[in-house]
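Laboratory data are not the source of any read-out in this text; all were calculated from the coordinates shown. These figures come from a predicted structure and were not determined experimentally. Quick reminder, even Gly has a Cβ in these numbers, built from the backbone with ideal geometry, and neighbours come from all protein chains shown.
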Ligand SMILES: NC(=O)c1ccc[n+]([C@@H]2O[C@H](COP(=O)([O-])OP(=O)(O)OC[C@H]3O[C@@H](n4cnc5c(N)ncnc54)[C@H](OP(=O)(O)O)[C@@H]3O)[C@@H](O)[C@H]2O)c1
């Protein structure tokens, strides 16, 4: 059920990539609930259309735009439609992403290239297309992962894309600081979405959900806070923060601990 809550983002225009599912869908709903006009970008038109209807029926302003993050011209057109519909961009949530499972020794380069196209080049193209339309107070929010801080076995290719996204965030933050546009990186841990189902596989790695994980709404709440206030690095749970801090402080011990994970 979608409701208009306190309208802290009234008058703002937001783009959410990967809005058809999971974290992006939850984020789009919360942004609309705070009064932002929201552009819903993803490939699945049916799902985007249903979300567009839901938001509109509750009094929100929204526009669904079919977008393929692996296609630069598709991203450019999505940004053009945003400007035609709403006139500016205040918030860009680079959330669209695809996973890739497989051991480094077995990864296919074409799979890794595709995942980089979506997770890194797609986000870069969104930033480059949106920036000329962003004013002071703008927010760029990139959705990374805790395993974009410490790579783990069997998903190393995916981790590499998130490390690359972090690097883009860090350089960009400083480059555009005099424009008063903030760049936030969000590092979710395991989240209950269709992400693993949707991931590319190298061989026949298992699908299905691991126990635990937070609901996508919890990640979306953190993204909304970043949209309201900015911020640099955002973690969703205390355990995520502890995981990252621990792996940074004790990389060798982390290697040893992860060996068991790598075995099965
Ligand atoms: N779930 C987790 O445990 C977890 C943990 C840490 C970080 N993350 C990150 O969170 C983000 C959202 O993932 P999620 O968990 O919400 O997974 P999800 O439910 O699978 O959603 C992924 C979204 O990305 C979109 N997408 C994928 N490929 C695309 C493409 N080529 N063009 C346009 N959109 C594309 C999908 O839309 P279409 O298929 O309609 O195009 C979908 O809306 C990702 O960046 C992911 O890496 C997830």
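Between residue 10 and residue 109, the modelled label-to-label distance comes to 5.6 nm, taking each label 7 Å out from Cα in the direction of the beta carbon. Percent of C-alpha pairs per 5 Å bin in segment 59-135, short distances first: 3, 15, 23, 20, 15, 9, 7, 5, 3, 1, 0.
One equal scatterer on each Cα of segment 30-165, no solvent, Debye formula: the resulting log10 I(q)/I(0) at q = 0.12, 0.13 Å⁻¹ is -0.53, -0.61.
Take the Cα gyration tensor of segment 141-186, multiply each eigenvalue by 5, square-root it, and list the three semi-axes largest first, rounded to whole angstrom.
25, 8, 6
Note on segment 13-263: Rg/Rh from C-alpha atoms, Kirkwood Rh, equals 0.96. Spacing of the modelled spin labels on residue 77 and residue 256, each 7 Å from Cα toward Cβ, amounts to 5.6 nm. The mean sequence separation of alpha-carbon pairs under 8 Å and at least six residues apart, normalised by the residue count of segment 130-209, gives a relative contact order of 37 percent. Could you tell me the relative contact order of the chain? Use alpha-carbon pairs under 8 Å, at least six residues apart, and round to a whole percent. Relative CO of the chain lands at 18 percent.
Would you mind estimating how fast segment 1-78 diffuses translationally, via Stokes-Einstein at 10 °C and 1.306 mPa s with the Kirkwood radius over Cα pairs, in µm²/s? All intermediate terms of the calculation are to be shown ahead of the outcome.
Working: Rh = 12.1 Å.
In µm²/s, the coefficient rounds to 131.
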